[in-house]
Amino acid sequence: MVSRRLLISYAHPDDESFGLGAAIPKWIDDGVEVFLICATNGDVGHVPEALRGRFASVAELRLSELACARQYLKFKDVFMLGYRDSGMTGSETASHPDCLAFRWRHHPAQVTERVAEVMRQAQPQVVITFNRYGGYGHPDHIAIQRATSRAFERLRAEAARDDAYAPQRLYYAAYPRISLRMRIWRARLKGQDPRRMGINQDVDTLKSLSHIEPVHARVPIAPYLDIWEKASRCHASQGGGRITRTSRLLRRLLYRKQGFTRVYPPPNHDKADEDDLFASVVLNERG
Ligand SMILES: [Zn+2]
């Protein structure tokens, strides 16, 4: 059957909800089949003892949180690649031989092939991943961004040779500049360091701001902010439960559209003149 298929290629259980928790239900309402790659099990990351509860490990807890989010974000399928979470650059966990960042550094072709294999199976026309800075510099985000970009290129090259399946469009999900500026402003107001934000204090908002890329598409998401909040709440161990009235209000004011940077086909301008990532996609059956 001819269908619109979209693959989101991310690193951790929570990236999907925090990043695209409003855009995903919008696409699903539009009849798009949405697939997710979650490359790691989220093994690392501070989890308050009270939340560990019955779970044997942080990974087990975080996978249960992803299962909770799937009630709201109705993916056609989720592909777990099973790498270890790397934690932040320079941490001890980032040199574990099974972690995504280490695997990417030492075996990039293998990681690329894992992503390419998912693409061959799901056959998305549109692929989304992080920007080149991995949103906020997390080594797993950067690793999956690079592996996804290479897999995309590999499949396009294969298709040029043997008329096989090829993805048609590649986008990076964009973080709104205004929202980053607000976070920096609020952090300074509270006497916090904007270079050490987030539950793991590993988010340098100033660097994230300097790595923002041009936006070419703005997808309207205003009716889906409640679902975004519900999916985010599932990831309580990562701070998803801490949605204040102010943050909700800011979301309603600032997040009426989700921006995307078009990578392929390469744009010849830096204008945001798209509102539908499937606008000029050739719809085809899954082979
Ligand atoms: Zn992440």
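The values are calculated or read from the model by the stated rules, or taken from the named source; none is laboratory data. Keep in mind that what you see is a predicted model, and the values were worked out from it rather than measured. Positions of Cβ are generated from backbone atoms using ideal geometry, with glycine treated the same way; all protein chains shown enter the neighbour counts.
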Worksheet, complete the sentence: Residues in the range 228-276 that are basic (Lys, Arg) and at pLDDT below 90 total 5
Worksheet item: With the range 180-254 as the region, which helices (runs of 4 or more DSSP H) entirely inside it contain at least 2 residues that are free of Cβ contacts under 8 Å to residues at least 12 places away in the same chain and over 30 Å from Lys271 (Cα atoms)?
Response: 245-254
Response to the item:
Of those in the range 122-142 that are over 12 Å from the mean Cα position of the chain (by Cα) and part of a helix (DSSP H, G or I), the residue surrounded by the fewest Cβ atoms within 10 Å (Cβ to Cβ) is Gly137
Worksheet entry | Failed criterion for Glu113 (all others in (1) closer than 23 Å to Phe35 by Cα; (2) buried (at least 18 other Cβ atoms within 10 Å of the Cβ) hold) | (2)
Worksheet item: Can you name the residue in the range 74-91 that is assigned to a loop (DSSP other than H, G, I, E, B) and of a type in the set (D, E, K, R) and, of all such residues, is surrounded by the most Cβ atoms within 10 Å (Cβ to Cβ)?
Response: Asp85
Discussion item. Suppose we filter Ala59, Ala69 for residues that are small (Gly, Ala, Ser), within 16 Å of the ligand (Cβ to nearest atom) and out of contact with any Cys (no Cβ under 9 Å at 6 or more places or on another chain); which single one remains?
Written reply: Ala59
Practice prompt. Would you check if there is a residue in the range 205-219 being basic (Lys, Arg) and touching a Gly at 6+ places or on another chain (Cβ under 8 Å)?
Written response: yes
Worksheet item: Is it the case that the range 40-53 has a residue that's touching a residue at least 24 places away in the same chain (Cβ under 8 Å), in a loop (DSSP other than H, G, I, E, B), more than 16 Å from the ligand (Cβ to nearest atom) and surrounded by fewer than 18 Cβ atoms within 10 Å (Cβ to Cβ)?
Response: yes
Worksheet item: Which is in contact with a strand residue (DSSP E or B) (Cβ under 8 Å, 6 or more places away or on another chain), within 22 Å of Arg248 (Cβ to Cβ) and among the basic types (Lys, Arg), of Arg183, Arg177?
Response: Arg183
Worksheet item: For Ala151, are the conditions met, namely being in contact (Cβ under 8 Å) with a residue 24 or more places away in the chain, assigned to a helix (DSSP H, G or I) and within 16 Å of the ligand (Cβ to nearest atom)?
Response: no
Worksheet entry | Count - residues of the range 1-32 that are surrounded by fewer than 20 Cβ atoms within 10 Å (Cβ to Cβ) and either in a strand (DSSP E or B) or within 16 Å of the ligand (Cβ to nearest atom) (or both) | 3
Item to complete: Please tell me if Phe130 is among the aromatic types (Phe, Trp, Tyr) and away from the ligand (no atom under 16 Å from the Cβ).
Response: no
Worksheet item: With respect to the numbered conditions (1) more than 16 Å from the ligand (Cβ to nearest atom); (2) within 29 Å of Thr93 (Cα to Cα); (3) of a type in the set (S, T, N, Q), which one is the sole condition not fulfilled by Gln121?
Response: (2)
Worksheet, complete the sentence: Residue set Ala11, Ala50; condition among the aliphatic types (A, V, I, L, M) and at pLDDT below 90; output residue Ala50
Worksheet, complete the sentence: Inside the range 87-120, the number of residues satisfying the requirement of being without any contact (Cβ under 8 Å) to a residue 12 or more places away in the chain and not charged (D, E, K, R) is 7
